[in-house]
1. What shape does segment 231-343 take by its C-alpha gyration tensor, where a ≥ b ≥ c are the square roots of the eigenvalues and a/c under 1.5 counts as rounded, a/b above b/c as prolate, and the rest as oblate?
2. Kindly write out, for segment 360-366 in residue order, the coupling ³J(HN,Hα) from the Karplus curve 6.51 cos²θ - 1.76 cosθ + 1.60 (θ = phi - 60°), rounded to whole Hz, with x marking Gly and Pro.
3. Distance from a point 7 Å along Cα→Cβ of ARG578 to each backbone N in segment 359-385: keep the residues under 12 Å and list them by number.
4. Cα-based Rg of segment 116-184 per 2.2 N^0.38 Å, rounded to two decimals?
5. Karplus couplings for segment 254-270 from phi (6.51 cos²θ - 1.76 cosθ + 1.60, θ = phi - 60°), rounded to Hz, Gly and Pro as x?
6. Using the C-alpha atoms of segment 200-297, what convex hull volume per residue, in cubic angstrom, is computed?
7. Starting with the highest mean, order 153-160, 340-347, 329-336 by the number of other Cβ atoms within 10 Å, averaged over the residues of each peptide.
8. Of all beta bridges DSSP finds with both residues in the chain, what is the antiparallel percent, to the nearest 5?
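The values are calculated or read from the model by the stated rules, or taken from the named source; none is laboratory data. All values reported here derive from a predicted model rather than from experimental measurement. With ideal geometry, Cβ positions are generated from the backbone for all residues, glycine too; neighbour counts draw on all protein chains shown. Surface accessibility is based on the protein's heavy atoms, side chains included, excluding ligands, DNA and RNA. Shrake-Rupley method; radii C 1.70, N 1.55, O 1.52, S 1.80 Å.
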Amino acid sequence: MATIVLQAVGSAVGAAVGGPVGAAIGQAIGAAAGSAIDQQLFGPGDQTVAGPRLDTARVLSSREGNPVARVYGRHRVAGDVIWATQLEEVRTSETRSSGGKASGPKTTVNTYTYFANFAVGLCEGRIGGIGDIWVDGTLLDQTQHTIRLHTGSDDQLPDALIEAKQGQGNAPAYRGLAYIVFENFTVEDFGNRIPQVAVEIIRPLNGAERTIRGVNLIPGASEFAYDPRPVIEQVDDGETRPLNIHQLQAESDLLASLDQLQASCPNLEQVTLIVSWFGDDLRAGHCTVTPRVETPLRQLQSGDPWSVAGLSRAQARLVSQKDGRPVYGGTPSDGGVLRAIAEIKRRGLRVGLNPFLLMDIPEGNALPGLNGEASQPVNPWRGRISAVYSDPDGPTDLTANLSAFVGLTPVNSVTVSNGRVQHQGANDWCYRRMVLHFARLAEIAGGVDVFLLGSELRGLTASGSALDGFPFVDALVTLAADIRPFLGEGCTLTYGADWTEYFGLQTGNGDLVYNLDPLWASANIDAVGIDAYFPISDWREDATGLTDERAQYDGDHLYQNLASGEGFDWFYASAEDRANGTRTPI
């Protein structure tokens, strides 16, 4: 409006002063002044705004002749840039309308983002892997970037990006040098330059790491710890919390753990998943065996809801709480366990599955003890479950107590439907149901290489006598036959006996009974399984006289005691004899 008015006024004034020429000049001056006023009043017309832009692309230099580090074990190394391209510029244009109208003046905003492609030499290869990465001293979230590791083998090939940039046949392979490549790395947060890079190197020593062939993966109790997919909890509006991401190296803790495990143990062949259900009483006749959760309510932003054995979170029991916090993690969700098995297989490793019984007996409980105590110990070892006790709450028949613990879950009541294990029939939460559930889960996973019937249930396998037999051992034999069709003949099936069970059962009258022999002789058991915590020394700094310092430092002496000494040549007849160092020859 001001443009039109002042343009007319300028033309009139100019005409009065200088005729037609003056009118033209006055019209132009008036239009310019009016336009300035209009922009102040109504906003500018169409225009383009450019964000900051680099005049030249800056590349971090690297000094020629820097020494190449040699790393042993685990160490942080500052790398050197060994290859880089010029920074790549990406322009983003956004057109906005002024005044809230589509027909109004338009503003085009151009912003510029810069990306770097570069390689960082680390150390002499071959390394096992890497851990954390720091850029300009700040820990880098590796899941947000494309980063490739070359471990420095003598036959490694050129990186695909370097070869694409340099041309086929023109890219070095950097054989014998461990290095990492960053592709399309955003450098905005680093002053639009390639940052300084430091990397945690993992290089296994020629010792224990290279001899390890198999490991047991724990914690065994955590709702989503084994899930390779990220699981994010919606805590509140706009607030989330990762449940299985506590590092910046991979998308989930499982993936980061397996990466570091394989980097540290290059000859690893097998990973066994320990997955826990929970018992609630040391008295076998009263002990239920169930999956449990950490909290009754949990809303997920990403990830599958918790589900085990057909139970939803709302249907499952809670683990015990102390000071408002769970004392255990919950049972790992079935879906996460299946995905963990698939991930371990994808890495070319054998898979073991170990159904694990944890005892959830809280502090301040009023459960009668096995010997008449007013309460039971807090979260005891599962090996203390027994069928022999004085029970104020019911019968004391050993066979009935064991039958209640093992349960009567029929094999055909645990089924598979839509890729999930379901249970039909009575809601009997017992030991058989746990083992049948995991055998079916292994079947859904396409099989596992090793399966355990359980482990270290010493008090139960010892419940019985040489005359009447050992009912729980017989129940394990039956259970092995029941699950064999689900596992297939290629799966190694066994039971993880406590190391004290290896020596058999010493009865009060001096007899020695090998109570597990019927299990080891079963046609469906493929190996004698022992959790082998054998004592290989008994050196003490006390008055017992057992002060042979070879037991501390002499490798040959310790090696010999793997098959001699306690349990072979002599034993402690009682706890008092052990305390006093009184050995009874065998």
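1. Oblate, since a/c reaches 1.5 and b/c is not below a/b.
2. Values, residue by residue: 9, 10, x, 5, x, 5, 10 Hz.
3. none
4. So segment 116-184 has a normalised radius of gyration of 1.12.
5. 3J(HN,Hα) across segment 254-270, in whole Hz: 4, 4, 5, 5, 5, 4, 5, 4, 5, 5, 7, 10, x, 9, 4, 10, 9.
6. 136 Å³
7. 329-336, 340-347, 153-160
8. Expressed as a percentage, antiparallel bridges in the chain total about 65.
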